[in-house]
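Have a look at the structure below before the remarks.
Derivation of every value follows stated rules applied to the coordinates shown; laboratory data play no part. Remember, it's a predicted structure, so these values are computed and weren't measured experimentally. Here the Cβ positions follow ideal geometry from the backbone for every residue, glycine too, while neighbour counts run over all protein chains shown.
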Amino acid sequence: MKIAPSILSSDFSRLKDEIQAVESAGADWLHVDVMDGHYVPNITIGPVVVESIRKVTSLPLDVHLMITDPDKYAPEFIKAGADWVSIHPETCKEPKASLKKIRELGAKASLAVNPDVPLNQVERYFSDIDMILMMTVFPGFAGQAFIEDVLSKVKAARQLIDQRKLSLLIEADGGIKADNIGSVVGAGAEVIVSGSGIFKTSDYADTIRAMRKAAQKLER
Ligand code: DX5
Ligand code: ZN
């Protein structure tokens with residue numbers, strides 16, 4: 001299991017310290033939530049900030065694009081240092097082409113699936129992606145409540161991936177904390193995003209340790 005703290009819940013006035021704190025606390029990746037005020041109501045982080053983040057950490061940067069024009073901006077985020085780029089299919093004219101472009105530019109491609117999007121709507125992209133991002137909240141805000149119903153979709157995706165022996169990761173994002181991480185990992189997710197579940201706690205290392213302990217028995 002990989003833990004990817006979402007910096008959206010960090011203290012932006014101390015961004016470098018916050019990033020380095022989760023890195024030394026045992027984070028595996030860093031999740032960067034990009035919102036444009038169109039696809040979702042919030043506006044958050046642009047490529048300039050990603051470029052600065054790249055300079056202060058060696059963690060893989062997992063950039064989650066919640067924007068209406070990923071085709072225009074994904075290349076900028078990759079240039080700025082994104083290792084993984086997630087896009088929402090409803091924001092692309094032709095998701096297959098968008099995903100292909102991300103790979104061509106040297107990043108790993110991921111497709112983000114909203115809680116109300118069924119698996120059969122995204123299965124056709126499985127050969128075009130390195131990861132599927134299962135949203136366990138609706139995109140737009142940090143600190144929302146985890147949507148339990150998504151677990152069955154995570155399980156179904158796990159089964160499909162195992163049956164077809166596909167090499168793509170399952171990431172889960174939204175409302176995940178030490179007390180519910182077990183159910184998500186048990187359902188088959190391998191990359192766990194957590195924003196407020198980490199940054200709103202007082203000791204990041206303790207929290208990440210507790211998350212690993214809770215997930216340990218359930219990892220595949
Ligand atoms: C939601 C974002 C999530 C969110 C995670 O739109 O994609 O990554 O910031 O934060 P928590 O863990 O607080 O739900
Ligand atoms: Zn996210």
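Per-structure values
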| item | result |
| --- | --- |
| Residue check, S183 assigned to a helix (DSSP H, G or I) and either out of contact with any strand residue (DSSP E or B) (no Cβ under 6 Å at 6 or more places or on another chain) or closer than 22 Å to L65 by Cβ (or both) | yes |
| Matching residues, region 114-131, being within 16 Å of ligand 2 (Cβ to nearest atom) and within 22 Å of I7 (Cβ to Cβ) | N114, M131 |
| Region 8-32 residues that are part of a helix (DSSP H, G or I), paired with ones that are more than 15 Å from ligand 1 (Cβ to nearest atom) (beta carbon under 6 Å, 6 or more apart) | K16/V56; I19/V56; I19/T57; E23/T57; E23/L59 |
| A109 more than 15 Å from ligand 1 (Cβ to nearest atom), free of Cβ contacts under 8 Å to residues at least 60 places away in the same chain and either closer than 28 Å to D11 by Cβ or surrounded by fewer than 17 Cβ atoms within 10 Å (Cβ to Cβ) (or both) | no |
